[in-house]
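Here the structure comes first, spelled out in structure tokens, and everything after it is commentary.
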2 protein chains.
Amino acid sequence: MRWLKFTAAGKTSWGIVEGERVIAVEGDPFGEWQRGTQSHALKDVKIELPLIPRTFYCVGLNYLKHLKEAADKAGTAPNVPDRPEIGYRAQNALIAHDEDVVIPASATEKIHYEGELVVVIGKKAKHLIEANAMDCVFGYTIGNDVSERTWQKADRSLWRSKNADTFKPMGPWIETDVDLDRMETVIRVNGKETGRFRTNDMIFGIVPFLVELTKYFTLSPGDVIWMGTDGASPDLKAGDVVDIDITGIGTLRNRFVKEKV
Amino acid sequence: MRWLKFTAAGKTSWGIVEGERVIAVEGDPFGEWQRGTQSHALKDVKIELPLIPRTFYCVGLNYLKHLKEAADKAGTAPNVPDRPEIGYRAQNALIAHDEDVVIPASATEKIHYEGELVVVIGKKAKHLIEANAMDCVFGYTIGNDVSERTWQKADRSLWRSKNADTFKPMGPWIETDVDLDRMETVIRVNGKETGRFRTNDMIFGIVPFLVELTKYFTLSPGDVIWMGTDGASPDLKAGDVVDIDITGIGTLRNRFVKEKV
């Protein structure tokens, strides 16, 4: 099932995508809901951010190629994680599919994409074990962990390098039925493929993360875990359009523009 | 004015604290509200977490003594910030005044408090300048940035060292009228003073932070910025009660207990 948050005729609600149409729903997928009577052509609705997570988790380094490329650029040896560890991103930075990533006026040309699988939590969960970990997963969406690499090197934390307003596109919708092992993540800039990797080829997969995180954290419905990316990105500039496509979910598309000052 | 989120007779609402009583309010302080007709003795109500911020900002190192003590422990030279930079904490970790901090079963004895002034944002704001920065501040509360120092050293990020469930007590209420330059932060463990510093004796104060952050971030009503701490903490153990008192706001009190496994 494919859950879309959308606006049509001035009203924002959840809906279920079926083919090229969206069926409006009363309520929300994390609680009580029922299918409504109205439907819209998908192309006619405004796609909204699926949700604002209570806690916004993000894995930093979870694919070998990305790790090695980052180490090569820094002139260091790759420091491969020996256990699942998590970081955070900031809610202010979230935008929806088709909304513009605004490159801050003071940013350098080192603006990069990172195409990521996003796990959406559906249930309150703590102290999960391997056998039941996946029960707390509601579905999956796509994230673009936009990064300003000059700031990423210069700053003490990832504050502005990864969390400037609009740096976290997420969407277009939440898909509940996927086959993780058959997924590929494909990134295109202005329609030309610039990256491709097996989505589930992670150093630590979803289950080890859920087990490790919930030793310490209670996950809540609507929390998201961005699972990291593989490969590297070319420098992006104003006018570029980045598509992140993940098999079985769909395509997250955002245009990059320059901040007006 | 002193805004309290509280529960009485099964109903949770905002209220205004006047002396030893709380007057119930309809609505909330960030939007429309009006004084209700009901009031309660403060001692009879359950004090709730004032809010769950959309984005949870926290300054890492913002006082000279704390910075020097941290550097001494690490055997390094103090690395004094040359500009205001921010980090984040996680919403899952928030608890209210008088709720228990649960020390995870796998934690070491290196459990420390950090008493912090918390700035509560009242208005949407971006690109603030020095002259108008304080206009976006709604009020102030108190935070205890509980930390597990062994994890803080061992891990790649501050994930479990600072964000384990219950590690972020915040409250007891939001005070809108304070005199920053007359504030002292006093910490007591089991009633005995263990720390004291001038609250506004920061390396970078609230205005420089608001100006710098809003170059990149839109602040939203209910966002919080924890402003860092000075000094060091003794090792805390199950049964300890930590009071953080800030002049003109009040006292945030929490008991530490051990996780039952």
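Odds and ends about this structure:
- Of A:Lys260/B:Lys124; A:Lys43/A:Lys126; B:Lys11/B:Lys110; B:Lys68/B:Lys110, pairs whose Cα-Cα distance is over 30 Å: A:Lys43/A:Lys126; B:Lys11/B:Lys110
- Cα convex hull volume per residue for the stretch B:28-91 (Å³): 179
- Shown here for the stretch A:155-261: chymotrypsin sites (Phe, Trp or Tyr not before Pro) in loop regions (DSSP other than H, G, I, E, B) with at most 10 other Cβ atoms within 10 Å, of which there are none.
- Rolling a 1.4 Å probe over the protein heavy atoms leaves B:Thr218 with an accessible area of roughly 30 Å².
- Each residue was assigned an accessible area with a 1.4 Å probe, and for A:Ser13 the value is about 20 Å².
- Along chain A, counting only GluC sites (Glu not before Pro) with a DSSP assignment other than H, G, I, E or B and at most 12 other Cβ atoms inside a 10 Å radius, the longest segment between sites is A:131-261.
- Residue and distance (whole Å) for the chain B Cβ nearest the axis that superposes B on A: B:Tyr88, 2
- Checking every one of the trypsin sites (Lys or Arg not before Pro) in the stretch B:134-203 against DSSP loop status and a limit of 14 other Cβ atoms within 10 Å picks out B:Arg156.
- For the protein assembly as shown, radius of gyration divided by Kirkwood radius, i.e. Rg to Rh on alpha-carbons: 0.96
- In nanometres and ascending order, the distances from the B:Lys215 label point to those of the other copies are 3.9 (point 7 Å from Cα along Cα→Cβ).
- GNM top mover of A:Val101, A:Val59, A:Val119 - chain A, alpha-carbon springs below 10 Å: A:Val59
- DSSP-defined beta bridges in the protein assembly as shown - what % are antiparallel, rounded to 5: 85
- Between identical copies, the spacing of A:Arg35 label points, each set 7 Å from Cα toward the C-beta atom, reads 5.4 nm from nearest to farthest.
- Rg of the Cα atoms in the stretch B:155-261, relative to 2.2 N^0.38 Å, amounts to 1.22.
- Helical runs (DSSP H, four residues minimum) scored at -39500 (n - 2.57) apiece and divided by the length of chain B put the mean residue ellipticity at 222 nm at -3000 deg cm²/dmol.
- Distances between copies of B:Lys126, taken at a point 7 Å out from Cα along the Cα→Cβ vector and listed shortest first: 3.7 nm.
- Cubic angstrom per residue, convex hull over Cα atoms of the stretch B:1-48: 67
- Each principal axis of the Cα atoms in the stretch B:39-195 has its own extent, and those three values, largest first, are 49, 42, 30 angstrom.
The values are calculated or read from the model by the stated rules, or taken from the named source; none is laboratory data. Keep in mind it's a predicted model, so treat the numbers as computed, not measured. Don't worry about glycine lacking a Cβ; one is built from the backbone with ideal geometry, like all the others, and counts go over all protein chains shown. With ligands, DNA and RNA removed, areas are computed over all heavy atoms of the protein, side chains included. Shrake-Rupley method; radii C 1.70, N 1.55, O 1.52, S 1.80 Å.
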